[in-house]
1. Of all residues being in contact with a Pro (Cβ under 9 Å, 6 or more places away or on another chain) and among the β-branched types (V, I, T) in the range 195-235, which is farthest from D182 (Cα to Cα)? Just the residue, please.
2. Go through Q104, Q172 for me and flag whichever is within 22 Å of A43 (Cβ to Cβ), free of Cβ contacts under 8 Å to residues at least 60 places away in the same chain and either open to solvent by 30 Å² or more (accessible area, probe 1.4 Å) or not hydrophobic (A, V, I, L, M, F, W, C) (or both).
3. Suppose we filter the range 50-75 for residues that are buried (at least 20 other Cβ atoms within 10 Å of the Cβ) and either at pLDDT 95 or above or under 26 Å from V126 (Cα atoms) (or both); how many remain?
4. Going residue by residue through the range 91-100, is there one that turns out to be exposed (fewer than 14 other Cβ atoms within 10 Å of the Cβ), more than 25 Å from S28 (Cβ to Cβ), in contact with a strand residue (DSSP E or B) (Cβ under 8 Å, 6 or more places away or on another chain) and of a type outside the set (A, V, I, L, M)?
5. Looking at the range 76-90, which of the residues that are touching a residue at least 12 places away in the same chain (Cβ under 8 Å) and either assigned to a loop (DSSP other than H, G, I, E, B) or open to solvent by less than 10 Å² (accessible area, probe 1.4 Å) (or both) is nearest to R203 (Cα to Cα)?
6. Which condition breaks for A29 when tested against (1) free of Cβ contacts under 8 Å to residues at least 12 places away in the same chain; (2) open to solvent by less than 20 Å² (accessible area, probe 1.4 Å); (3) not hydroxyl-bearing (S, T, Y)?
7. Taking only the range 233-258 into account, find how many residues are of a type outside the set (D, E) and more than 23 Å from the chain's Cα centre (by Cα).
8. For the structure I just gave you, tell me whether L156 is of a type in the set (A, V, I, L, M), open to solvent by 30 Å² or more (accessible area, probe 1.4 Å) and over 21 Å from the mean Cα position of the chain (by Cα).
Amino acid sequence: MRVLIINPAPEHYTRARCAPLGCLAIASALKAEGHTVKLLNRAISSSDIGSELDEFEPDFVGCSLLTAMAVKDCSLVSQEAKKRGITAVWGGPFLSASPEIVLQLGFVDYISVGEGEGTWLEMLKVSENDGDICSVKGLAFMKDGKYVYTGDRDFLDLSKFPPMDYSLIDVQKTFYKNYHYDGIMGMYISKGCTGRCTFCYNRGFHNSCRRSRDVKVFIEEAQLLKNKYGAKAIAFADELFGCNKEGLREICEAMIEAKLDMPWGAM
């Protein structure tokens with residue numbers, strides 16, 4: 001199937017814009033399964049969305065919302081998609097906390113609640129086989145004027161995910177500067193956090209569970225970014241980086257063994 005994944009342009013945002021890792025992870029997983037995928041990073045390069053839809057002709061459009069600041073752009077994308085009869089799906093941490101509110105807008109077909117890779121893969125498989133998308137776990141939607149949520153789905157094993165396909169984004173435009181470093185690329189090696197802080201989205205989105213990717217896959221991605229695209233530094237976007245000495249040592253030793261020789265930082 002043909003899928004257009006959108007990283008929307010946020011309003012009133014002045015901080016450095018990192019790689020759209022959530023969008024890239026979903027797009028990479030779908031592409032690895034044989035779907036035709038295009039990723040638009042409207043946070044760094046806007047274009048006429050109507051023309052993009054007419055040219056690519058997707059079956060699904062997916063919009064990722066990290067915060068409410070991206071609602072306006074996502075709304076524009078979805079309204080243009082609905083004019084063309086294209087299924088609009090929104091996802092991300094902001095929506096997973098309050099899907100009922102956004103569904104009332106009337107131009108969003110489904111909301112992917114929580115981690116999206118498995119939901120998207122199943123949703124497209126069901127659609128290809130003319131099945132009922134409403135049976136897919138992890139989706140929220142309106143039916144007969146009533147809010148419906150199909151229920152939480154189990155987390156996937158991150159070590160089974162394919163490498164991030166950086167050809168889906170304009171890597172050069174995605175690099176950013178911070179302090180005296182430039183050519184920085186955002187990457188991640190784990191999802192979630194074991195904490196249960198009341199102010200944080202993690203407790204609801206990740207169920208206070210931390211999971212790690214395969215370190216070898218991370219090294220493969222980092223080498224590609226350095227050797228092919230010229231990345232000069234790595235910014236880890238993990239919610240909880242280095243939560244134990246053994247895991248942190250494994251990452252550091254892998255970077256040393258691979259002669260990665262790149263500055264890196266983490267929250």
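The values are calculated or read from the model by the stated rules, or taken from the named source; none is laboratory data. The structure presented is a predicted model; accordingly, all values stated were derived computationally and were not measured. Using ideal geometry, Cβ is built from the backbone for each residue, glycine included, and neighbour counts are taken over all protein chains shown. For accessibility, only protein heavy atoms count, side chains too; no ligands or nucleic acids. Shrake-Rupley method; radii C 1.70, N 1.55, O 1.52, S 1.80 Å.
1. The extreme case among them is V217.
2. Details: Q104 fails: within 22 Å of A43 (Cβ to Cβ).
After applying the criteria, what remains is Q172.
3. Of the residues in that region, 8 qualify.
4. yes
5. Looking at residues that are touching a residue at least 12 places away in the same chain (Cβ under 8 Å) and either assigned to a loop (DSSP other than H, G, I, E, B) or open to solvent by less than 10 Å² (accessible area, probe 1.4 Å) (or both), I get W90.
6. (1)
7. If we filter the range 233-258 for residues that are of a type outside the set (D, E), which is where we start, we get 233-237, 240-245, 247-249, 251-252, 254-256, 258.
Applying the additional criterion that residues be more than 23 Å from the chain's Cα centre (by Cα) yields 244-245, 247-249, 252, 254-256, 258.
Summing the residues that are of a type outside the set (D, E) and more than 23 Å from the chain's Cα centre (by Cα) in the range 233-258 gives 10.
8. On the way: of a type in the set (A, V, I, L, M): yes; open to solvent by 30 Å² or more (accessible area, probe 1.4 Å): yes; over 21 Å from the mean Cα position of the chain (by Cα): no.
Taking the combined requirement at face value, the residue does not satisfy it.
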